[in-house]
Every structure is written in C-alpha cells, then in structure tokens.
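The values are calculated or read from the model by the stated rules, or taken from the named source; none is laboratory data. It should be emphasised that the depicted structure is a prediction, and the values quoted were computed from it without experimental measurement. Note: ideal-geometry Cβ built from the backbone for every residue, glycine included; neighbour counts use all protein chains shown.
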Amino acid sequence: VNAARATQALGHLRQAGGRWLVENAFRDAWALHQNTEWCPQEIVRDRQWEWTRALLQDVYNGNLFYKRRLDEAGWPALDREAFNCVRTTSQNEIAIHAAKIGSQRGAEVRRSSGGSAGSRVAIPLDRETYGWYMAGTWRGFGWWGVGPADPVVLLLGHRAGNWRTTLTARAKDWLVNWRRIPVGDRFDAEAVEIAHRIECYAPAILYGYPSAVHRVAGVLRDKGWRPRGRLRVIVLTGEPVYAFQRKAIQEAFGCPVAEEYGCGELGCMAFECPHGTLHATVENVFLQIVRPSNGWSGEEGLILATQLRNKMFPLIRYETGDLGIFKTRQCPCGRGLPALQVCGRASDHLIASGSGAAIPARTKLEPFFSLLPERLQGRVRVAHRTIGTVHLEVERGSASSAELARVVDVGKDVFHPDWHVRVVTVERFPRIMSGKLPYFLPLRDGLNSPPEDGAIIKTPGSALTPPI
Ligand SMILES: [Zn+2]
C-alpha cells in the first residue's frame, strides 16, 4: 500500500512539475503539434504562413528593429514570396542590437545564441515559448513510442547559471523523470561508470551529444553488453551526427537512433521519424533555404529560421549558419511536415592551396572517419591548420604504429593528393565548455585558434545548449 501511495504521490508531483514547467501554454502547443502533423502538405503550408503572418503583425506593432525591415519589404502587402525579400538577421546583428530586438525582462529561461567568439547573446524565453520548445521535442519522442512520463537520460553539457537556477532546473528534471548526466571534461575518463549508471536507470530514451553517446557505446561494445530494458530510441542532438557514430551507437545499444535538429535560441527545428526523415517542426519555426550568392555550385543552401513563438526576442529570417536541402519526396510515414536534410555548417570548409577552392568539409570527413578502423573512430579528429594542410590528431595510446600509418594512408586517399596530411598524437581531446567535442577544427582567419564555445556554434544545431 505504501509503495502504491508513494507512486501516486510521485505521479502528482510529476504532474505539478509539468505544470510548473510549461503552464497551460504547453497544452495548446501540444494539441496543435498533434493535430498539424497529419494534415496534408498544402494545409500545413497555409497554416504555417498564417502563424508567420500573426507573428509578423505582432512584431511590426512593437519592434522598431524589425518594423523597418518589414516596411522595406512592403508590409502589410507581404505574401510568402515577398517574405523572401525581408533582410536576413545575422548572429552578429543579434549581439549588436540585442537591446533593440528584445527585452530581457520577465525571462524565465535564457539560451545563448551563436556568433563568432565574443558576440554571443542570451536569448530570453518566457515559459510559454519554452512550452513550444518542449512540445516539438516531446512529439518527436512520441514518434518512437515514448510518452512524456517515460524516463529519459540526458547526456548534455553542464548548465550555466547560478546555484538557484541550477537547483530549480535539477528539480524540474526530477519532476519530469529525467536524469541529467553532465558531459564535462571528465566525462570520457568516466565513461565506464557512466555506462553503468545508464544501465541501472534503464531509460526509455537516451538523449545527448553524439560524441558522448558514442563514447558510452564504445564501453558497451568492449564489455559485450547485450541490450535489455526498455530503451526505445537514442536521440542525438547538439553536434553533427557522423555516420560512424550512428552505426556504432545503433549496434552497441541494439536500438534505433534518431536525430534532432535544434538549438538553444530556436528550439526544436526538426526531428527524425522512424522512416529516417528529418521533419520540420512547423509549429515552432518557419524554415527557409536560400541560395548563397557568389557562384555557389552545391545543391544545398543556407537555412534561415523564423521563430514563431518567442515574442520577447523575435528572430526573423535568422541565419542559423547551417546548410540544408528540402526534400520534395513525401515521407512514407504520411506526415505532412516538410522533410529537411541538414548538410553541415556553412563555415566548415577545407581550402586547398593553389586553386584556393573551398570544399565543404563534410564531404571529406564522412568518408575519412568511416574508413578508419572501428577502434579508432572517435579517437581521431581533423584540424585544418593552414591552407592545403590537415593534421589528423590521434589520442595518445589509442593506436599502434601500424594503425597510425593506416590513418595517414586513409587521410591521403580521402583528402586531395596535393594536400599536406600529417598525423599528430595529442594527449586527449578536451571537451569545450558546453561539453561538446568537435571532430573538425576549421581554419579561422588564417589561424587555427583553439576551439571556444562561441566558435563551435559552427556545427549543425549547435548553439550552446540543445533545445531542452
Ligand atoms: Zn516521416
């Protein structure tokens, strides 16, 4: 009887926690998310344009920064086509004009935006907006048969903030049945113990950075662990997901992997369905893809996002810094939500000497990592030191000399034959402040400065904090 009462009390607390977290706004957001996904594509499109118009109207009335831009584009006679002419908003503009764009007053949560180092700004959210963030992610969980009360383990960075916000956030996690295992500098050294904690907790979802989940997968593989319990899906977020990570994680945990595309300043932007399609979260963000100027030959374009719910700090045609493509094929799952493919950061390039041509880094990184011996995957990263040069950094103690020679061979095969390819042994890969571990260090202004969080915004879906 006591146990039953305890369970009941816990249930009430969790409900209270859910309410505390997102109040009534979540209910509306949730209902809309449930309803929209099954509408035909044209209906989804029309509805989303209505939400966008409503947001623009609101912003026009109360925001001088955007009012000017909307006036330039001919507001109020602004249809979808004309919306394409509204000036885009860059991450640096957000930092410079933060005081004009939004107000920090009454913010319940703050999420950092991107921008080059030093130009970050905290984007304030009210609880209502946070409710919209959560609805998108939770709908995605639902696609994999997981409900809001199911246990979740989060492998994400430490929370920023003072002791009070940290405590409340911890209480909130507990109330909604989440366990957060912070990914910090000691995470990789403690992966064995962390794998054990995850096993004991038996979550329905493991939600975290691909680099962190991949480390745990390595431990499980070495232990010969067999999947058991109720793990239904592993959701990867906050960093680019490489094919080698996806494969190793799927095999080690014996469960499917789904990708979420989202970031701290915009919330959930897309979530992968069980058919492998990344569906846009149309209720939360309006995504557009524009062709970059200057003779771009690639099929992909720059992803712009208009946050539809955050009225405290509107983001209109905001440059995410990611490249993407809209897929025209209808997904077999039947959802009317647009299908997106994210192709990496626009700024992640390799620059060859001689021609000076820029190659999207992802096109080389994927084959390079996949061709490495499995044991070395996740232990090797690529640093683009100078034009025409790549250093293949290998963690000390992870490879024999024969294996190091193999790394060079793979590097020479994959990168251009004229490239200067070198293996460098490093002590270990330090995680950056947000707990992320970049596997590509791009060339920056001719210098390869050590990665900082402000710079690492340049990985897909990668603001400092993932949506939740
Ligand atoms: Zn689908």
Identify the residue in the stretch 218-234 that is small (Gly, Ala, Ser) and assigned to a loop (DSSP other than H, G, I, E, B) and, among all such residues, is modelled with the lowest pLDDT. 229
Tell me the residue from 300, 251 that is touching a helix residue (DSSP H, G or I) at 6+ places or on another chain (Cβ under 9 Å) and either surrounded by 14 or more Cβ atoms within 10 Å (Cβ to Cβ) or within 25 Å of residue 371 (Cβ to Cβ) (or both), please. 251
Which numbered condition trips up residue 186, out of (1) touching a residue at least 24 places away in the same chain (Cβ under 8 Å); (2) of a type outside the set (Val, Ile, Thr); (3) part of a loop (DSSP other than H, G, I, E, B); (4) under 18 Å from residue 431 (Cα atoms)? (1)
Which one of these is within 30 Å of residue 196 (Cα to Cα) and touching a strand residue (DSSP E or B) at 6+ places or on another chain (Cβ under 6 Å): 256, 274, 292? 256
Among (1) within 25 Å of residue 284 (Cα to Cα); (2) modelled with pLDDT of 90 or more; (3) outside any helix (DSSP H, G or I), where does residue 141 come up short? (3)
Result of the Cβ filter at 7 Å on the stretch 255-275, keeping first residues that are over 19 Å from residue 331 (Cα atoms) and partners that are assigned to a loop (DSSP other than H, G, I, E, B) and within 14 Å of the ligand (Cβ to nearest atom), at least 6 apart or interchain, is 268/281
Of the residues that make up the stretch 19-27, is at least one of a type in the set (A, V, I, L, M) and either at pLDDT 85 or above or touching a strand residue (DSSP E or B) at 6+ places or on another chain (Cβ under 9 Å) (or both)? no
Can you tell me which residue is surrounded by the most Cβ atoms within 10 Å (Cβ to Cβ) among those in the stretch 77-96 that are in contact (Cβ under 8 Å) with a residue 12 or more places away in the chain and outside any helix (DSSP H, G or I)? 89
Breaking point among (1) assigned to a strand (DSSP E or B); (2) more than 16 Å from the ligand (Cβ to nearest atom); (3) closer than 16 Å to residue 240 by Cα, for residue 363: (1)
Checking the structure you have, find out if any residue of the stretch 266-289 is β-branched (Val, Ile, Thr), under 26 Å from residue 381 (Cβ atoms) and in a strand (DSSP E or B). no
Please go through the stretch 235-260 and pick out each residue that is touching a Lys or Arg at 6+ places or on another chain (Cβ under 9 Å) and either assigned to a helix (DSSP H, G or I) or at pLDDT below 95 (or both). 238, 239, 240, 248, 251, 252, 254, 255
Report the residue count in the stretch 327-360 for those that are within 16 Å of the ligand (Cβ to nearest atom) and in contact with a strand residue (DSSP E or B) (Cβ under 6 Å, 6 or more places away or on another chain). 9
Counted residues in the stretch 30-75 being surrounded by 17 or more Cβ atoms within 10 Å (Cβ to Cβ), within 22 Å of residue 317 (Cβ to Cβ) and at pLDDT below 90 come to 0
